[in-house]
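Below: one structure, written as structure tokens.
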Amino acid sequence: MRGDLPHKGSLEVICGPMFSGKTEELIRRLRRAQIARQRVVILKPGIDDRYDADHLVSHNLVKIPSVQVRTSQEVLEFGREAEVVGIDEVQFLDDGIADVCERLANEGRRVIVAGLDQDYRARPFEPIPSLLARAEYITKTLAICVSCGAPAGRTQRVAALGGRILVGSSDVYEARCRRCFEPPRDEPTAAETKGEGT
């Protein structure tokens, strides 16, 4: 036992491309924990304000109240008040988030995160690879390719904008399968190569 929590900590990762139902699956699991009367904290990065500042909202407009955070340290502070910690769009948080999730799980909390496993160049998108290596449970979601209808595992950027991190929806991105995905022709910027976004 650690604190008042039984030692049943775990880390669950839901990952895949945009439009694949990651946020809906996260919301489904968090609602079930709430029905079970567990103490649940639901977090999202402050950078993601596409639909609502105070809710996780899927592209299909399924939503649940949440709290915005800016740093992994804030995740740690909020997480210590809960039995279940849900984090959406985890790829937008700082490099310390994988260690924070591990720490919360080691303290007996059920940590559930959702995020993109690849960027718009189809390169691994940290911290998802680090979280996958530590997770007990992994769910890979697939979307539908807008070009051919096949299962889609890639996110195609269709707007000529920005660096690695560009928050957007169907106005900026499409789901594509491996065959229909078209990698950008330009070279990554120095910041992108180091894993940073602008």
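For this structure, a couple of remarks:
- Computed FRET value (nearest 0.05) for S10 with T71, which takes r as the C-beta separation and R₀ as 30 Å: 0.80
- Of V158, V13, V57, the sequence from fewest to most neighbouring Cβ atoms within 10 angstrom is V158, V57, V13.
- Test item: Cα-centred dipole of segment 10-141, Lys/Arg +1 and Asp/Glu -1 on Cβ, debye: 520
- Within segment 85-163, the GluC sites (Glu not before Pro) that combine a DSSP coil assignment with at most 14 other C-beta atoms in a 10 angstrom radius are E136.
- Between the alpha-carbon centres of segment 11-51 and segment 120-141 there is a gap of 15 Å.
- Difference of contour (0.36 nm per residue) and Cα-Cα distance, V62 to K140: 26.1 nm
- Simple label model, 7 Å out from Cα along Cβ direction - R121 to D95, nm: 1.7
- Averaging the sequence gap over all C-alpha pairs within less than 8 Å and six or more residues apart, then dividing by the number of residues, gives segment 10-141 a relative contact order of 38 percent.
- The eigenvalues of the Cα gyration tensor, multiplied by 5 and square-rooted, give segment 10-141 an equivalent ellipsoid with semi-axes of 19, 17, 14 Å from largest to smallest.
- Each Lys or Arg adds one and each Asp or Glu subtracts one; over the other residues with Cβ under 14 Å from the Cβ of I138, this totals 0.
- Modelled spin-label separation between A36 and D171, with each label point placed 7 Å from Cα along the Cα-to-Cβ direction: 3.9 nm.
- Distant-in-sequence amide H partners of T71 (H built 1.01 Å from N, under 5 Å): none
Readers should treat all values here as calculations from the given coordinates under stated rules, not as data from a laboratory. Keep in mind the model is a prediction, meaning the values are calculated, not measured. All Cβ positions, glycine included, derive from the backbone under ideal geometry; neighbour counts span all protein chains shown.
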